[in-house]
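Chemist: Pasting a structure here, questions to come.
Each reported figure results from applying straightforward, stated rules to the coordinates on display, with no laboratory input. Being a predicted model, the structure only gives us computed values, none of them experimental. Note that each Cβ is placed from the backbone with ideal geometry, even for glycine, and that neighbours are counted across all protein chains shown.
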Protein chains: 2
Amino acid sequence: MKKCLIIADFLSDENRKMINTTAEQLGYSAFFYDDYHQSADGDIADAEILYTADYRAVQKAQKLKWCHTPYAGVDKLISTGVFDSGDVILTNSSGAYGRAISEYIIMAALMLMKQMPEYRKITDERGWVQDLPSRSISGSRIAVIGTGDIGRNAAKRFKALSAETVIGFSRSGRQADHFDHTYSLDAFEDNVRDIDVLVMCVPGTPETDKLLSAERISCLPEKAFLINVGRGTTVDQDALIEALNEGRIAGAMLDVVMPEPLPADHPLWTARNCIVTPHIAGDMSLPYTVDRTVEFFCENLKIYAEGGQMLHRVEISAGY
Amino acid sequence: MKKCLIIADFLSDENRKMINTTAEQLGYSAFFYDDYHQSADGDIADAEILYTADYRAVQKAQKLKWCHTPYAGVDKLISTGVFDSGDVILTNSSGAYGRAISEYIIMAALMLMKQMPEYRKITDERGWVQDLPSRSISGSRIAVIGTGDIGRNAAKRFKALSAETVIGFSRSGRQADHFDHTYSLDAFEDNVRDIDVLVMCVPGTPETDKLLSAERISCLPEKAFLINVGRGTTVDQDALIEALNEGRIAGAMLDVVMPEPLPADHPLWTARNCIVTPHIAGDMSLPYTVDRTVEFFCENLKIYAEGGQMLHRVEISAGY
């Protein structure tokens with residue numbers, strides 16, 4: 001019997017049952033492990049199919065034909081080189097995170113606009129100051145780099161909260177749902193001079209390395225807040241820290257940084273009006289997210305068994 | 001010439017111009033002061049009309065016939081006794097705060113659901129923990145006590161962010177826009193057993209004192225978060241602190257507390273998973289809010305000059 005190895009500690013009983021039933025119907029047997037260390041090396045070496053985000057499992061799976069990752073980001077998996085030849089299929093769960101991460105984005109925008117970092121300092125010392133300038137999503141101008149599932153979900157929510165304009169930037173500049181307008185990145189400089197918030201939700205690929213460069217940061221107005229939920233590599237962090245500390249932009253909330261974990265003495269921790277969270281925006285504890293990744297996997301398992309065109313297949317050369 | 005005294009430090013030049021023009025057209029002269037101390041006692045004693053939230057100005061204004069407050073809450077102004085006889089009109093700016101305060105409410109719900117207080121503790125020590133259980137507005141069950149402008153604006157935003165149900169509670173139980181259903185407070189116990197978030201946005205009046213009583217807190221499920229943006233008096237704080245520290249509710253974000261400022265040694269500061277902000281949700285620095293309060297005042301000035309029925313008139317016995 002052909003083996004599927006499921007390495008994940010966040011699956012519900014329902015999730016396991018759905019995977020088991022689907023696998024059995026198709027002539028596969030599914031084995032479940034909470035983490036890479038728990039899974040026996042023998043099992044991994046035999047596995048034809050993996051459901052995991054752990055690059056070490058992928059490295060050990062010598063008979064691997066297909067890996068589905070419950071994450072949207074695939075940079076670490078691709079870096080194993082396992083998928084380079086094209087003989088092994090990689091599919092991801094892009095499309096499962098729009099809901100969770102876009103809520104994080106809305107929270108981040110509001111925390112920055114309502115001065116939560118400053119009020120936190122004040123109340124930490126039991127102060128009672130009330131007159132810090134506050135701002136509102138309603139009537140604001142939002143720009144989003146990355147118009148995929150996460151970007152579109154964020155745009156939808158900013159519009160629902162009465163943002164004045166929500167523009168998107170992508171490689172192609174192709175129009176995307178929920179955006180007032182989408183531009184190619186060439187038009188960045190001309191269209192961010194008056195924005196209130198810049199959201200980054202792009203995957204980590206060689207092409208997106210320091211996409212938000214020192215030069216692009218210098219195009220942002222002083223009032224601009226930056227939110228990054230994609231990958232830390234997509235921002236020139238040194239330039240960002242300088243811009244924050246010199247007051248050339250108003251603040252930042254970063255769920256992704258470079259490297260992760262961020263070292264205790266890293267200057268990003270203490271940059272002016274900067275909030276860092278430990279890569280939690282797409283939290284797998286949200287049942288909706290997990291359910292979607294499992295649905296994607298089961299749907300793909302049927303297609304795989306039939307030899308069809310896999311959904312959510314990662315284009316290895318593009319990196320997402 | 002009849003005198004209007006405007007005591008406020010948040011007005012724009014546009015706001016002042018609008019008030020000046022309106023006053024002159026109606027045969028009034030407007031005088032502007034940044035705060036109560038700056039306004040000369042003589043001017044206050046003469047004033048027929050005040051635009052102020054400062055109860056001390058109201059106490060000094062012996063010829064006062066009408067006071068318009070830029071705030072929504074009127075508890076302090078009413079406590080002067082000046083309005084008790086009914087000879088002096090009090091109007092407020094209820095209706096100007098829905099936008100700013102409902103954004104605060106959404107931020108608070110997300111900060112609690114996404115575990116910001118816990119992640120803050122972790123990152124303060126430069127830790128990198130990622131697996132705290134997180135929740136989502138999408139699919140959640142929200143209850144709001146108070147179905148006025150602020151409550152309705154909050155309900156609208158929760159629905160826009162795909163909350164499963166948003167129910168309201170009010171004295172009358174009359175149906176209100178944006179709520180799935182509105183109940184009278186008698187039905188509280190039966191309808192909050194499975195809610196994720198309880199939002200309080202009720203004015204401070206004798207009737208609303210400890211409206212959220214120990215008994216009502218005990219009806220909430222362990223997963224419930226409390227958000228209060230109305231008045232601190234509307235919550236039994238001792239009962240709340242106990243419920244938080246015993247884990248009988250999941251957390252709270254309070255923009256209003258009792259008393260304000262909250263003393264440095266008050267146990268609310270250190271209650272479990274509790275965030276206190278210094279009464280900033282309706283921040284006057286939001287131009288939209290200020291513009292609306294000035295529009296309300298100018299509109300009422302015309303009605304006042306014509307002897308008509310004032311808008312936003314406070315019913316002194318009800319307290320709002």
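Chemist: Could you compute the FRET efficiency for residue A:121 and residue B:84, with r as their C-beta to C-beta distance and R0 at 41 Å, rounded to 0.05? Before the final figure, lay out the partial values.
Modeler: Values: r = 42 Å, r/R0 = 1.02.
Calculated value: 0.45.
Chemist: Select from chain B the helices, each a whole stretch of DSSP H, whose alpha-carbon atoms run 27 Å or more along the helix axis and whose Kyte-Doolittle mean is at least -1.0; answer none if there are none. Intermediate results must be reported in sequence, preceding the final value.
Modeler: Details: long enough: B:287-306 (29 Å, -0.24).
What comes out of the filter, once short or polar helices are dropped, is B:287-306.
Chemist: Okay, next question. How many Cβ atoms of partner chains, on average, are near each residue of A:92-99 if near means within 10 Å of its Cβ?
Modeler: Working: counts 0, 0, 0, 0, 0, 0, 1, 6.
If you average over the peptide's residues, the count of other-chain Cβ atoms is 1.
Chemist: Across all directions of projection, what mean area in square nanometres is found for the Cα convex hull of the protein assembly as shown?
Modeler: Mean orientational projected area (the protein assembly as shown, Cα hull): 30.8 nm².
Chemist: Report the one residue of A:86, B:39, A:311 whose Cα lies farthest in the direction of the positive end of the charge dipole of the protein assembly as shown (charges on C-beta: Lys and Arg +1, Asp and Glu -1; origin at the Cα centre).
Modeler: A:311
Chemist: Also, quick follow-up: Could you quickly flag the chain A residue whose beta carbon comes closest to the rotation axis taking A to B, and that distance in whole angstrom?
Modeler: Looking at chain A's Cβ atoms against the axis toward B, the nearest is A:160, 2.
Chemist: Show that you can apply the helix-only estimate: for the protein assembly as shown, add -39,500 (n - 2.57) for every DSSP H stretch of four or more residues, divide by all residues, and state [θ] at 222 nm to the nearest 500. Display every interim value, and only then the final one.
Modeler: Numbers: 22 runs with 207 residues, N = 640.
Here the helix-only value at 222 nm equals -9500 deg cm²/dmol.
Chemist: With a/c under 1.5 counting as rounded, go ahead and sort the stretch A:32-189 into rounded, prolate or oblate using the C-alpha gyration tensor (a ≥ b ≥ c being the square roots of the eigenvalues; past the cut-off, prolate if a/b is larger than b/c, else oblate). Working shown, then result.
Modeler: On the way: a/c = 3.44, a/b = 1.74, b/c = 1.98.
Taking the square roots of the gyration eigenvalues as a ≥ b ≥ c, the stretch A:32-189 is oblate.
Chemist: Further, regarding this structure: Would you mind checking the pairs A:17/A:65; B:76/B:210; A:156/B:210; A:159/B:114 and listing those with alpha carbons more than 27 angstrom apart? Walk me through the numbers before you get to the answer.
Modeler: Numbers: A:17/A:65 23 Å; B:76/B:210 17 Å; A:156/B:210 38 Å; A:159/B:114 22 Å.
In this structure, A:156/B:210 exceed 27 Å between Cα atoms.
Chemist: Is the stretch A:98-276 rounded, prolate or oblate when judged by the Cα gyration tensor, a ≥ b ≥ c being the square roots of its eigenvalues, rounded requiring a/c under 1.5 and prolate requiring a/b larger than b/c? Don't jump to the answer; show the numbers that get you there.
Modeler: Values: a/c = 1.67, a/b = 1.25, b/c = 1.33.
Taking the square roots of the gyration eigenvalues as a ≥ b ≥ c, the stretch A:98-276 is oblate.
Chemist: Under the convention of a label 7 Å out along Cα→Cβ, give the distances in nm from residue B:16 to the same position in every other copy, shortest first.
Modeler: 7.0
Chemist: At 0.36 nm per residue, minus the direct Cα-Cα distance, what do residue B:270 and residue B:162 gain on full extension? Give it in nm, one decimal, please.
Modeler: On the way: separation 108, 0.36 × 108 = 38.88 nm, distance 3.23 nm.
Contour length minus the Cα-Cα distance gives 35.6 nm.
Chemist: On to the next question. Report, as an integer, the average count of C-beta atoms from other chains found within 10 Å of each Cβ along A:100-108. Don't skip to the end; give the middle numbers.
Modeler: Details: counts 5, 0, 3, 12, 4, 1, 7, 10, 3.
Mean inter-chain Cβ contacts per residue within 10 Å come to 5.
Chemist: Separate question: State the answer as a single residue: which of B:8, B:191, B:270 lies farthest towards the positive end of the charge dipole of chain B, with beta carbon charges of +1 for Lys and Arg and -1 for Asp and Glu, about the Cα centre.
Modeler: Positive-most Cα among the choices belongs to B:191.
Chemist: Continuing with this model, one more query. Run the quick spin-label model on residue B:10 and residue B:242: label points 7 Å from Cα toward the beta carbon, then report their separation in nm to one decimal.
Modeler: 3.6
Chemist: While we're on this one: Length gain on complete extension for the stretch residue A:210 to residue A:222, per 0.36 nm per residue less the alpha carbon to alpha carbon distance? Working shown, then result.
Modeler: Working: separation 12, 0.36 × 12 = 4.32 nm, distance 2.03 nm.
Fully extending the segment from residue A:210 to residue A:222 adds 2.3 nm.
Chemist: For residue B:51, which sequence-distant residues (separation of 5 or more, or a different chain) have an amide H within less than 5 Å of its own amide H, given hydrogens modelled in the peptide plane?
Modeler: Amide H neighbours of residue B:51: B:5, B:6, B:7, B:68.
Chemist: Tell me, what HN-Hα J-couplings in whole Hz come from the Karplus equation 6.51 cos²θ - 1.76 cosθ + 1.60 at θ = phi - 60° for each residue of the stretch B:54-69, using x for Gly and Pro?
Modeler: Coupling constants for the stretch B:54-69: 8, 5, 5, 5, 4, 5, 8, 8, 6, 9, 4, 10, 8, 10, 10, 9 Hz.
Chemist: Let me ask something else. Report the paramagnetic label zone for residue A:174: residues of the stretch A:64-87 whose backbone N is under 20 Å from a point 7 Å from Cα along the Cα-to-Cβ axis.
Modeler: A:72-74
Chemist: Taking every DSSP beta bridge with both residues inside the protein assembly as shown, roughly what % is antiparallel (nearest 5)? The partial results should precede the final answer.
Modeler: Working: 2 of 82 bridges.
Counting only bridges with both partners in the protein assembly as shown, antiparallel ones make up about 0 percent.
Chemist: Check residue A:72: other-chain or 5+ apart residues with amide H under 5 Å from its amide H, H built from backbone geometry?
Modeler: For residue A:72, whose amide H was placed from the backbone, the distant partners under 5 Å are A:93.
Chemist: OK, next. Quick check for me: using +1 on Lys/Arg Cβ and -1 on Asp/Glu Cβ, what's the dipole size of chain A about its Cα centre, in debye to the nearest 20?
Modeler: Working: 32 positive and 45 negative charges, 108 e Å.
Charge dipole, chain A, about its Cα centre: 520 debye, nearest 20.
Chemist: Related question: Enter the mean number of other protein chain beta carbons within 10 Å of the beta carbon of each residue in B:268-281, as an integer. Walk me through the numbers on the way to the answer.
Modeler: Details: counts 0, 3, 0, 0, 0, 0, 0, 4, 4, 9, 10, 2, 11, 2.
The shielding value for this peptide is 3.
Chemist: Find the centroid of the Cα atoms in the stretch B:83-99 and in the stretch A:173-224, then give the distance between the two in whole Å.
Modeler: 45
Chemist: Near the amide H of residue A:145, under 5 Å away, which other amide H atoms are found, from residues 5 or more places off or on another chain, if H is placed in the peptide plane?
Modeler: A:169, A:199, A:200, A:201
Chemist: If you don't mind, another one. For the ranges A:236-248, A:187-199, what's the packing order if you count other beta-carbon atoms within 10 Å of each residue, average per peptide, and put the highest first?
Modeler: Numbers: A:236-248: 17.1, A:187-199: 18.8.
Final packing ranking: A:187-199, A:236-248.
Chemist: Follow-up. Determine the dipole magnitude for the protein assembly as shown: charges of +1 sit on the beta-carbon of Lys and Arg, -1 on that of Asp and Glu, nothing else is charged, the reference point is the Cα centre, and the result goes in debye to the nearest 20. Before the final figure, lay out the partial values.
Modeler: Details: 64 positive and 90 negative charges, 173 e Å.
Here the size comes out at about 840 debye.
Chemist: On to the next question. Could you tell me what fraction of 2.2 N^0.38 Å the Cα radius of gyration of chain B comes to, as a two-decimal ratio? Write out the running numbers ahead of the final one.
Modeler: Numbers: Rg = 21.2 Å, N = 320, 2.2 N^0.38 = 19.7 Å.
The value comes to 1.07.
Chemist: I need the calculated FRET efficiency for the pair residue A:191 and residue B:37, taking r as the beta carbon distance and R₀ as 51 Å, to the nearest 0.05. Can you show the working numbers first?
Modeler: On the way: r = 46 Å, r/R0 = 0.91.
The formula returns an efficiency of 0.65 here.
Chemist: For the stretch A:248-260, just list the computed ³J(HN,Hα) in residue order, Karplus coefficients 6.51, -1.76 and 1.60, θ = phi - 60°, integers in Hz, with x standing in for Gly and Pro.
Modeler: Listing the rounded values in order: 7, 10, 7, x, 8, 10, 10, 9, 10, 9, 9, x, 10 Hz.
Chemist: Okay, which of the stretch A:290-319 sit inside 15 Å, backbone N to the point 7 Å along the Cα-Cβ direction of residue A:2?
Modeler: Under 15 Å, as judged by backbone N against the label point of residue A:2, lie A:298-311 of the stretch A:290-319.
Chemist: Here is a follow-up. To the nearest 20 Debye, how big is the dipole of the stretch B:1-111 about its Cα centre, given +1 on the beta carbon of each Lys and Arg and -1 on that of each Asp and Glu?
Modeler: On the way: 10 positive and 15 negative charges, 40 e Å.
Result for the stretch B:1-111 is approximately 200 debye, rounded to the nearest 20.
Chemist: Find the relative contact order for chain B and round it to a whole percent, using C-alpha pairs within less than 8 Å whose residues are 6+ positions apart.
Modeler: On the way: 615 pairs, mean separation 51.8, N = 320.
Value for chain B: 16 percent.
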